[in-house]
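Here's the structure we're looking at; comments come further down.
Please treat every number below as a calculation from the coordinates, not as lab data. Only a predicted model underlies this, so the values are computations on that prediction, with no experimental measurement involved. Cβ placement follows ideal geometry from the backbone for every residue including glycine, while neighbour counts extend to all protein chains displayed.
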Amino acid sequence: MLLAFVVGVFYGGFVRKITARVQNRVGPPVYQNFLDILKLYSKKTAINHGWMQHLGPAFAITASVTSLMFIPILNGTGWCVWFENLNFKGDLIFLLYMMVFGSLGMALGAGQTGNPNSAIGVSRGLSQMVGYEIPWVLAIVALMLQTKTTSLTGLVDFQVSNGTWMMFESPFAFIAAVLAMLGMFHYAPFDVPFAPSELSSGPASEFGGKYLALMMSSGSIFSFVKLVLIVDVFLGGAANLIMLVVKTFTLYMIPVLYGIVSPRYRTEQSIRYFWGWPTFFGIVGVIYAVFVR
Amino acid sequence: MNNIVLILLILSGGGVLSFLLNRVNSQLSGLTAFVATVAAAVLFFTGIGTADNLNFTLGGMQLSMEINNYSWIFGALILSFSSLVMLYSISYMKGKDRLGYFYLNFMFSIAAMMGIIFSRDFISLFIFWEIMTWSSFLIVVYQGLSEGRVGIKYMIFSAIGGYSMLLAIVFMKAQMGTVLIADLISHFPTFALQQQTMVGVLLLITFGVKAAVMPLHVWAPRAYSDSPMSYTSVFSGLLSKMGIFGMGIVLISVFATSSETFGTNTFYISNVLAWLGGITGVIATFYAVIQTDAKKLLAYSSIGQLGYIVMGLAVGTKLSVMAALFLAVVHTIFKGTLFLVVGAVERQAGTTDMTKLGALIRKMPWTFVAALISIIALAGIPPLAGFVGKWMFYESLIVSDHYFLVIMAFLSSTAAFLYCYRFLFGLFLGQEEKEFENVKEAPATMVIPMMFMALLLFVFGVFPGLLFEPIAKGMETLGMGNVDWSMTVLGNGWGDHIDTLSIITVIGTVFMLAFIYLGLWNRKQTRYVTTKDIHTSGEIPTENENLTYAVDFYKPFERAIAPVMKRTMDFYYNHLGEGLESFFNFLRRFYTGNGQTYALYVIVFLVILILFSKQIFL
């Protein structure tokens with residue numbers, strides 16, 4: 001968990017640096033996000049808008065930590081004594097739902113603040129989620145059909161024992177998943193829900209101090225979870241920590257680099273985008289999986 | 001006395017009694033109905049067994065009523081759920097007029113539902129089915145007949161359902177000489193192809209109308225939202241389940257294993273039904289997303305959820321049927337609770353329009369908690385019971401190779417998050433409005449049933465085995481062979497499984513830690529401010545400035561799905577209706593009502609007869 005936190009936060013720092021360089025600025029140091037989070041944790045929170053605002057970030061961190069615990073980070077046995085067997089007790093569909101839990105909780109918390117920007121952000125975010133979830137689920141279903149397992153460890157084992165990566169075994173599903181991933185990470189052009197210049201960061205706009213700190217840590221862990229998930233599913237998992245970092249970082253650069261040079265979509269454009277080519281590739285992937293196995 | 005008769009008598013007698021007592025005191029009326037339901041429930045849970053049966057011969061046909069493991073699930077659900085609703089009803093209906101009328105019909109529909117599940121032959125099934133239809137129709141029109149012809153629509157569709165069952169019964173009688181369900185099951189494989197199709201489709205139409213499967217659903221949204229909320233929770237929670245009950249018998253017992261074999265006749269019927277269920281799920285969910293009235297939102301969402309259940313039954317593998325029945329029970333609990341929540345809001349705040357309401361969370365905290373838990377279960381988020389059902393459902397579809405159906409199911413359940421959030425946000429969160437400043441929490445008799453059901457959702461989420469046990473027994477009665485189940489571990493056919501206990505442990509621990517940190521420790525340092533005191537980029541909103549974002553909440557989503565929504569099923573039915581009307585107008589030209597014209601027709605007919613008699617009679 002600590003690892004996930006550290007890596008997640010550092011990736012956030014890298015993104016800020018890279019963005020700055022692309023935009024011809026110097027940018028903050030890579031450890032800036034650490035400082036931010038530390039500062040926020042030590043801050044006193046002055047106001048609240050009621051119970052749901054307390055619960056929102058709690059839901060968010062619950063979702064990201066729980067999904068982290070049910071994901072096999074490294075191949076082979078569990079990497080930590082405490083949570084050794086947990087990843088055998090959940091599976092992909094459980095994870096899909098667990099990952100939604102956080103955003104829904106955060107959305108509820110944001111809802112209570114009564115800030116119209118938050119509400120607009122949530123409405124956009126959920127709408128967009130319906131968009132990218134379709135190609136993503138298609139890709140996952142294609143994999144499940146091909147490997148005849150729905151558990152993550154099963155998928156990793158399949159790839160290890162066959163000495164191949166699902167990325168090559170099921171290329172169409174991979175394309176669909178990567179395109180869906182663009183939406184999942186909410187970088188431009190899919191930063192519709194947060195849209196700093198329109199909505200003053202949308203759902204998060206009323207959360208300060210410790211709330212924001214918890215939400216930032218949860219967000220960092222969560223992006224790490226998503227990356228590890230895709231690495232596990234498509235890139236054959238990782239045998240050791242260095243491979244894990246290399247793989248996740250490479251993957252992470254796809255939405256980041258694509259995002260830096262893109263403007264923002266409107267919400268319906270974004271949904272339509274996901275229901276276009278990504279879904280097409282997803283369907284091709286499913287059909288391919290049925291014929292291949 | 002026979003327990004079956006006794007239960008039916010208690011229920012219908014309670015209805016009549018509460019109708020009469022309403023003359024004395026209107027409070028007494030609700031109380032009587034509640035006591036009668038509880039009494040029937042107690043009798044059902046303690047006194048009834050498979051030994052209780054009732055056989056008699058009527059007009060040369062053998063009729064029979066008994067209880068088996070499959071109907072026990074539904075019976076238990078009906079009686080326990082309606083007891084809770086009756087308790088809720090006492091306060092909810094307080095001060096409304098025509099209470100006697102309401103409770104009479106309410107009790108009659110409960111009695112009719114119990115009759116349906118007791119019936120082992122189609123004649124008594126048909127009779128109780130019609131009683132159920134009529135009593136629910138009378139409640140739908142409780143608030144008046146005029147608006148939108150809701151009652152008429154409901155009646156027409158119920159009549160279609162009723163007549164197709166009647167046709168099926170006539171056919172069965174002609175073909176086999178009996179109307180027992182058991183006889184249909186044993187004779188069905190000997191039928192010819194067309195006969196199999198006819199009986200199957202006719203019965204499925206009957207049950208499909210009640211389960212509101214597309215394209216037979218158009219009566220449902222308005223009928224659900226127009227009846228009093230305490231009845232709607234029974235309407236959507238239980239009456240629709242009677243359709244599921246019947247479908248289970250037809251799809252699993254009658255079609256038997258032939259529905260799983262590719263290429264047989266019933267396989268196609270089942271698959272068409274599964275697809276209809278999927279389409280229902282998606283379209284109804286889209287409609288639910290764009291509603292502005294909380295009642296209608298829930299009504300559409302019910303239709304969508306029933307689409308899943310139908311899909312699960314129609315797919316017909318062990319896991320999918322288990323998932324469907326599990327979802328059926330859980331759906332009754334959470335959708336029932338949500339309708340009760342809306343009822344409480346309607347009673348306390350006077351409206352259910354989500355564009356007007358807001359920020360009731362501080363006024364009605366307990367109602368909010370019940371709503372939150374039910375919504376989490378509806379969305380299928382772990383660790384609540386909805387997740388268990390959804391998980392089994394998806395796994396069963398994937399394992400049995402229905403990969404495009406699973407995508408439809410995922411699409412509709414992801415889109416369901418939209419209306420889930422809309423519901424909570426519209427009623428309980430958002431800007432506080434002056435208009436609703438003095439809203440109070442609902443009375444305890446309304447809050448207790450809601451909280452109790454929310455608790456049940458939690459229990460069934462952690463220990464789904466409590467529900468698996470009766471369901472597995474019921475499925476064995478239906479003829480599905482031996483069904484495996486365990487208390488906390490769910491598995492699919494590929495050997496993957498999840499463990500609800502470890503899930504709840506992890507979620508519980510992390511959540512409690514975060515909650516203690518934020519909710520208890522951090523909360524002390526903060527002070528509460530109103531929802532006007534927010535970040536507005538430096539502008540200070542004036543007192544009367546409206547900061548609520550509630551109208552056209554999902555406009556972008558609406559734009560994105562616009563092509564799908566262009567035509568509603570209503571549109572086609574209305575066109576059909578108009579077409580029929582103009583056809584009848586055309587006929588009316590001949591039947592002018594004038595004696596002279598009819599005389600002319602007779603003469604013309606005779607002339608034709610004489611002229612062409614050689615050709616005709618040769």
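Some points to look at:
- Global size of chain B as Cα Rg and Dmax, reported in angstrom: 26.5, 105
- Cα gyration tensor shape of the stretch B:104-169, rounded if a/c is under 1.5, else prolate or oblate by comparing a/b with b/c: oblate
- In this structure, the residue pairs whose Cα-Cα separation is over 32 Å, taken from A:226/B:473; B:94/B:363; A:226/B:363; B:173/B:473; B:94/B:555, are A:226/B:473; A:226/B:363; B:94/B:555.
- Averaged over the residues of A:273-282, the number of partner chain Cβ atoms lying within 10 Å of the residue Cβ comes to 1.
- Remark: relative contact order (chain B) = 12 percent; criterion is Cα-Cα distance under 8 angstrom and separation of 6 or more residues.
- Calculated mean residue ellipticity, 222 nm, chain B: -23000 deg cm²/dmol, from DSSP H runs (n ≥ 4) at -39500 (n - 2.57) each, averaged per residue and rounded to 500.
- Quarter of the Cα convex hull surface for the stretch B:275-390, i.e. its orientation-mean projected area (nm²): 7.0 nm²
- Taken residue by residue and averaged, Cβ atoms of other chains lying within 10 Å of the Cβ of A:120-129 number 6.
- Peptide A:260-269, shielding by other chains (average Cβ, 10 Å cutoff): 2
- Scanning chain B for trypsin sites (Lys or Arg not before Pro) lying in DSSP loops with no more than 10 further Cβ atoms inside 10 Å, the longest uninterrupted stretch between such sites is B:1-439.
- In chain B, the sites counted are chymotrypsin sites (Phe, Trp or Tyr not before Pro) in DSSP loop states with at most 15 other Cβ atoms within 10 Å, and the longest stretch holding none of them, exclusive of the sites, is B:263-590.
- Range of Cα positions in the stretch B:217-259 per principal axis (Å), largest first: 42, 19, 8
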